[in-house]
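Here the structure is laid out as structure tokens; the discussion comes afterwards.
Read-outs: derived from the displayed coordinates by stated rules, not from any lab. Given the structure is predicted, the values throughout are model-derived calculations rather than measurements. Cβ: placed from backbone, ideal geometry, glycine included. Neighbour counts: every protein chain shown.
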Amino acid sequence: MDPQILISSVIFRYDTTQLPPPFCYRYTLHLRFDPDEVKTNYNHHYYGREELEEEEILEEGFSHNDDFTWKGNLPGIWKSVLLDKIEKSNYRKKKKNSEHEPQLEISLNYADGNEEVKHPDDLRSWEFLLQEVVQAIFELGKKEMPLKISYLFKNEDLQILKVFEMTFAERKSTLTEEVGGKRKYPKVLSWDVALRMLRNIYALDYDAEKSLKGEMPSRQGRFIDPGEGIWYKLGEGVTNPEPGINILEKVKEAFDA
């Protein structure tokens, strides 16, 4: 029998552990797999903040209360994605007692009433996938809008605007091109390609002091708005994170293709 059929629900318990307040948090993500949707209960809690003054919390960009809970349904596509990951992952027998890395516990509930607790070896890949799930929840819970990143190329004769969009709830992504004010039909990107683009874009070093606030840039060059409504000129306001790693060129190639 297909092992995916046996799993009726799963609970993910994640704790940053290694981060200090006000950044440290833990969450519980409870998913029940129905035929066409995934019933979801998510609880996200920041802890340890009682040790800090309110001003310290606000200075780091947080608010008085950043906890978040959501109950609802994720689209059915998430069922196969998560069950496939559960089936193909490797697990260790015991939980690592380490304060230097995040902790993830996966509790599986089977249709026959049995339960099983697992601790994945490939923690990093699970973190990436669960970040996608959480982003989908933020979209559905109206905490955040679907991702929209704009890229502009402009010279004396031509202006090309490209808009890169991702909806984590549906696991869909498009790249739309507008040349001289005329918009072309959106190009559908595979999810893996979109994630690679996203990680490269956010791996770059953005200098807020050299950002271009306001309307779309009118001068010549290549510019990017990473979803903040703020533009950065490539090579000036946004650069490679460190010498020898040319992520900026990868971002240019992805948008210029």
Semi-axes of the stretch 12-76's equivalent ellipsoid from the Cα gyration tensor, sqrt of 5 times each eigenvalue, largest first, rounded to whole Å?
30, 12, 7
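Once fully extended, how much extra length lies between Glu228 and Ser190, figured as 0.36 nm per residue of separation less the alpha-carbon to alpha-carbon distance?
Details: separation 38, 0.36 × 38 = 13.68 nm, distance 2.39 nm.
So the chain would gain 11.3 nm between Glu228 and Ser190.
Quick one: compute the contact order of the stretch 3-140, relative version, from alpha carbon pairs under 8 angstrom and 6+ residues apart, as a percent. Walk me through the numbers before you get to the answer.
On the way: 232 pairs, mean separation 37.9, N = 138.
Relative CO of the stretch 3-140 lands at 27 percent.
Which of the three applies to the stretch 147-256, rounded, prolate or oblate, going by the alpha-carbon gyration tensor with a ≥ b ≥ c and a/c under 1.5 meaning rounded?
Working: a/c = 1.63, a/b = 1.09, b/c = 1.49.
It comes out oblate by the Cα gyration axes.
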For the pair Ser8 and Lys94, how long in nm is the line joining their label points, each one 7 Å along Cα→Cβ?
3.2
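Using just the helices of the chain, give the 222 nm mean residue ellipticity in deg cm²/dmol: DSSP H runs with n ≥ 4 each add -39,500 (n - 2.57), and the total is spread over all residues, rounded to 500. Mind showing how you got there, number by number?
On the way: 6 runs with 63 residues, N = 257.
Computed mean residue ellipticity for the chain: -7500 deg cm²/dmol.
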By how many degrees, between 0 and 90 and to the nearest 10, does the Cα long axis of helix 191-203 differ from the longest principal axis of the chain?
70
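Just to be sure I understand: if I project the alpha-carbon convex hull of the chain onto a plane and average over all orientations, what area do I get in nm²? Kindly include the intermediate steps, with their values, before the conclusion.
Numbers: hull surface 69.8 nm².
Directional mean of the projected Cα hull area for the chain stands at 17.4 nm².
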Using a simple spin-label model with points 7 Å from Cα along the Cα→Cβ vector, what separation in nm is obtained for Ala111 and Asn41?
2.2
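If you rank Tyr206, Tyr151, Tyr25, Tyr185 by fewest surrounding Cβ atoms within 10 Å, what's the result? Show your work: numbers first, answer last.
Values: Tyr206 16, Tyr151 24, Tyr25 19, Tyr185 8.
The most exposed by this proxy come first: Tyr185, Tyr206, Tyr25, Tyr151.
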Rg over Rh, two decimals, the stretch 121-161 (C-alpha only, Kirkwood Rh):
1.31
